[in-house]
Amino acid sequence: MEFDLDNPESLLIPKELEREIINNLTDKTLKKIFLHGRALKISDVSFQEDRPIMVKVNNHVRPISKLTLQNDTI
């Protein structure tokens, strides 16, 4: 898969992974998120309440999820 910083949609995690995050955030789910980030060659990842999952790619901060995280999920 090609990632394009000018096309934010290309950075998003798969919808199935978003469903996993909502239903049950486990170690396996986190590993999948980090593997996605590895493919993007990120330098940072941020999990914050009421925000999507954010990553830093080439000194640009971008969301990789459409969902916003809730405190009980984090």
Practice item. Could you list, in sequence order, all residues of segment 20-74 that are open to solvent by 60 Å² or more (accessible area, probe 1.4 Å), over 21 Å from Asp6 (Cβ atoms) and either touching a Gly at 6+ places or on another chain (Cβ under 7 Å) or assigned to a loop (DSSP other than H, G, I, E, B) (or both)? Key: Asn24, Phe47, Gln48, Asp50, Arg51, Thr68, Gln70, Asn71, Asp72, Ile74
Point to revise | Hits in segment 1-19 (condition: part of a loop (DSSP other than H, G, I, E, B) and at pLDDT 90 or above) | key: Leu12, Ile13, Pro14
Revision key, fill the gap. How many residues of segment 1-16 are touching a residue at least 24 places away in the same chain (Cβ under 8 Å) and either surrounded by 11 or more Cβ atoms within 10 Å (Cβ to Cβ) or touching a His at 6+ places or on another chain (Cβ under 8 Å) (or both)? The answer is 6
Check your understanding: Is there a residue in segment 29-42 that is modelled with pLDDT of 90 or more and in contact with a Lys or Arg (Cβ under 8 Å, 6 or more places away or on another chain)?
Key -> yes
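The values are calculated or read from the model by the stated rules, or taken from the named source; none is laboratory data. Just so you know, these numbers come straight off a predicted model, no measurement behind them. Heads up, the Cβs are rebuilt from the backbone with ideal geometry, glycines too, and the neighbour counts pull from every protein chain shown. The protein model used for the area step is the full one, side chains on, heavy atoms only, and it has no ligands, DNA or RNA in it. Shrake-Rupley method; radii C 1.70, N 1.55, O 1.52, S 1.80 Å.
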